[in-house]
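Read the structure below first, then the notes.
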Amino acid sequence: MEELIFVVPVAIYLGVVFGVLFWTRHRRKTRWPFKIEDRLLRGPGESLRKEIFRIDETMVFDLAAGLVAVLLGLVGAVSLSRFLGASPALSLLAGTLGFLAAALLSTRRILRLWDRRQRFYLGWFGERVVAEKLAPLRFSGWRVFHDVPFVSNGKPFNIDHVVVGEGGLFVIETKTRRKGGAVGPGPDDTVYFDGDALHWPRQKDDRAGLQQAENNATLLTKWLQDEIGEAVPASPIVVIPGWNLEFTRQQGARRACRVDSANWIQNTFKDLPPCLSAKTVDLVNRRLLAKCRDVED
């Protein structure tokens, strides 16, 4: 059928390109030059970086598959209508409907992937911003670890940042959101903390991030207890990069979790009295180094 003249070249081209890529990877004779001990420390947002990379790969394949699906939908609908003896006008209508159906399905999937990628990228960038603000702490004797991996109830997750020094052990969770779209009166670039919950322009009474930081602090303390046989209490902090942060008071509200702006976070660690021995700090550093040195690609 003459309609296939549009589909066959595209399908052959895509098949050859992806076939060669898979074949090249399978037949590669060289090896990765780095040893296990050459693995890198996890950078800020390492888990999100990997997810973004996976989404990018998936989008490339989905775009190619969507192109083929759209052409096949067009040709298939036209061919079927002609086989059934439909008029040229009906054949054209059938082809248009087949094209639109395949295009809508492909577009829907691509848009969902794109939306997910945008959310991951925002989170990744926010973690990098906070990491940059924490970096100068190393000149004051602190050690900062990023994207520390853990598993809870069989599900992997990560702690965005862990800061340890003689002044204590801190768990930092980064919460990054886009500005704008405020519901009701008030600024659309300010988040309020009343001692119990965060109040965003588009969401009030947000306790999820605070609870997450507190749970992660408890988990880290328990993990270190198992690793070094010493109780090292971790203090939770939620850091909100890019937003104005204001504090309000609510009667009797006082969570264990502290809230900071990325621009203020360094001040949290200034002039803290020593509460951990140098030996304990060294043991914690060693365990976290071993846990975070796992980047191979």
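The values are calculated or read from the model by the stated rules, or taken from the named source; none is laboratory data. Treat the numbers as computed from the prediction; the structure is a model and nothing was measured. No Cβ is skipped: glycine too gets one built from the backbone with ideal geometry, and neighbour counts run over all protein chains shown. These accessible areas exclude ligands, DNA and RNA; they are computed on the full protein's heavy atoms, side chains included. Shrake-Rupley method; radii C 1.70, N 1.55, O 1.52, S 1.80 Å.
Data table
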read-out: Cα-based Rg and Dmax for the range 130-242, where Dmax is the largest Cα-Cα distance (Å); value: 16.0, 52
read-out: Surface accessible to a 1.4 Å probe, residue 53 within the full protein complex, Å²; value: 120
read-out: In the range 217-297, trypsin sites (Lys or Arg not before Pro) in a DSSP loop with at most 15 other beta-carbon atoms within 10 Å; value: 249, 254, 270
read-out: Under-5 Å amide H pairs with residue 239, H placed in peptide plane, nonlocal only; value: 173, 174, 175, 260
read-out: Distant-in-sequence amide H partners of residue 159 (H built 1.01 Å from N, under 5 Å); value: 148, 150
read-out: Portion, in percent, of the accessible area of the range 110-203 that falls on carbon or sulfur, probe 1.4 Å; value: 52
read-out: Separation of the residue 285 and residue 256 label points, Cα + 7 Å toward Cβ, nm; value: 2.6
read-out: Stokes-Einstein D for the range 122-181, Kirkwood Rh over Cα pairs, 37 °C, 0.692 mPa s (µm²/s); value: 256
read-out: Measure of compaction for the range 168-297 (Cα Rg per 2.2 N^0.38 Å); value: 1.22
read-out: Using a Förster distance of 25 Å, the FRET efficiency for residue 143-residue 225 (Cβ separation, nearest 0.05); value: 0.85
read-out: Contour minus Cα-Cα distance for residue 211 and residue 101 (0.36 nm per residue); value: 35.2 nm
read-out: Kirkwood-based shape ratio for the range 197-254, expressed as Rg/Rh from alpha carbons; value: 1.10
read-out: Accessible surface, the range 168-219, averaged per residue in Å² (probe 1.4 Å); value: 44
